[in-house]
Amino acid sequence: MASIHPRRIRAVAALEAAYRVDIEDDAAWLMGIASQIGPAMEQVQGFAAWQYTVVGTRIDARGFCGTAPRGWESAVLGSAAEGTARMAGLYRSGPCVSILEQMPKAHRTREWEHQRALAHADFVALNAVDGEGHGSIIGAAHMGPALIDAASRETISRFSSHVGAAMRLRRRLTEGASPADAVLELSGALVHAESGARAKEMRAALRQAAASIDRARSRRRRGEADETLSGWKPLVAAQWSLVDSFESDGRHYMVARRNAPHCKRPRDLTASERRVATLAAVGHSNKLIAYELGTTTAAVAMQLTRSARKLGVKSRVELIRAMQPTLGPMPEAQ
């Protein structure tokens, strides 16, 4: 069986590429990330990346880039254009997926023909979602069935969380996000804070996160990917993402910007319950949800239990099924 090798990823470089909010072109931004992550999954035919939106069974795939042969783009667009429930399900099947494990042989019908035309056996992908109906794929073909061990899946899944958070942040800035909530020196020293970040516990959380990112960067030559990812979280206190800022005098700071997912449905749930239930509905584990939202697994489990009770369901499977009609951006965001 073919394997993926996430430990080959230069973690700091990959995360810095994800949070390059100054790159305006989406395809160029995604290619910057894919060039760091794709080779860890690449086999023979190179890697590919694209962005997408799924509304119901309709898939809008766009911005194809990468090093894969030209035929891949037509296969991606062709399979997306089928607009079937099975194909939409593939896009919602989790942060690190293999087509073979998600589409059993008995179900490889029309949607699979586009992949068969490329003469490869499997496709492994980092599938990043922003929690608001948009996503990005970075993947590679395998000539045989792909083997994804638990540790590799967790590492790729954590990278996917950062790509999703960065996608969300890029859209916030494009839409005219409010000024930074806090500005910190790389050491963690707080230079400026708005009202939401002034509380003692919030200031402490931001300082700790900035210092942790700085330590990860200082270990870029010898640190393992898992160690870097553990210290560099997508969100701080379930509210802020930290991104680089260079002032006119050449000084380097980190800026905290509000970046929690805005999930507007279902209305019966609180904002935090909607965020957790939405991520569960696209295949994220409680552990990964806690990582990407900057909270605890206990808090995630509690919110899922409350969401299930409010929606009148009794299991995670039923909750995911109940959430499916609510997934995708609101009409005004499409």
Task: Meets criteria (more than 21 Å from the chain's Cα centre (by Cα) and either β-branched (Val, Ile, Thr) or not assigned by TED's automatic domain parsing to the domain that holds Thr53 (or both)) for Ala308 - done: yes
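Among the residues of region 1-24, which ones are touching a helix residue (DSSP H, G or I) at 6+ places or on another chain (Cβ under 7 Å) and assigned to a loop (DSSP other than H, G, I, E, B)?
Filtering region 1-24 for residues touching a helix residue (DSSP H, G or I) at 6+ places or on another chain (Cβ under 7 Å) gives 4-15, 17-21, 23.
Scanning region 1-24 gives Ile4, His5, Ile9, Arg10, Tyr19, Arg20, Val21, Ile23.
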Open item on the list: Go through region 283-298 and report how many residues are in a loop (DSSP other than H, G, I, E, B), at pLDDT 95 or above and surrounded by 19 or more Cβ atoms within 10 Å (Cβ to Cβ).
Closed with: 1
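Is one or more of the residues making up region 59-71 over 20 Å from the mean Cα position of the chain (by Cα) and either in the same structural domain as Ala281 (by TED's automatic domain parsing) or free of Cβ contacts under 8 Å to residues at least 24 places away in the same chain (or both)? Spell out the reasoning first.
In the first step, residues of region 59-71 are kept if they are over 20 Å from the mean Cα position of the chain (by Cα); the result is 67-71.
Filter once more, keeping what is either in the same structural domain as Ala281 (by TED's automatic domain parsing) or free of Cβ contacts under 8 Å to residues at least 24 places away in the same chain (or both): 70.
Within region 59-71, one or more residues are over 20 Å from the mean Cα position of the chain (by Cα) and either in the same structural domain as Ala281 (by TED's automatic domain parsing) or free of Cβ contacts under 8 Å to residues at least 24 places away in the same chain (or both).
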TODO: Just give me the residues in region 49-88 being buried (at least 19 other Cβ atoms within 10 Å of the Cβ), assigned to a helix (DSSP H, G or I) and among the hydrophobic types (A, V, I, L, M, F, W, C), in sequence order.
DONE: Trp72, Ala75, Val76, Ala80, Met87, Ala88
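The values are calculated or read from the model by the stated rules, or taken from the named source; none is laboratory data. This structure is a prediction, so every number in the text was calculated from the model and none was measured. Please note: Cβ atoms are built from the backbone with ideal geometry, for glycine as well, and neighbour counts cover all protein chains shown.
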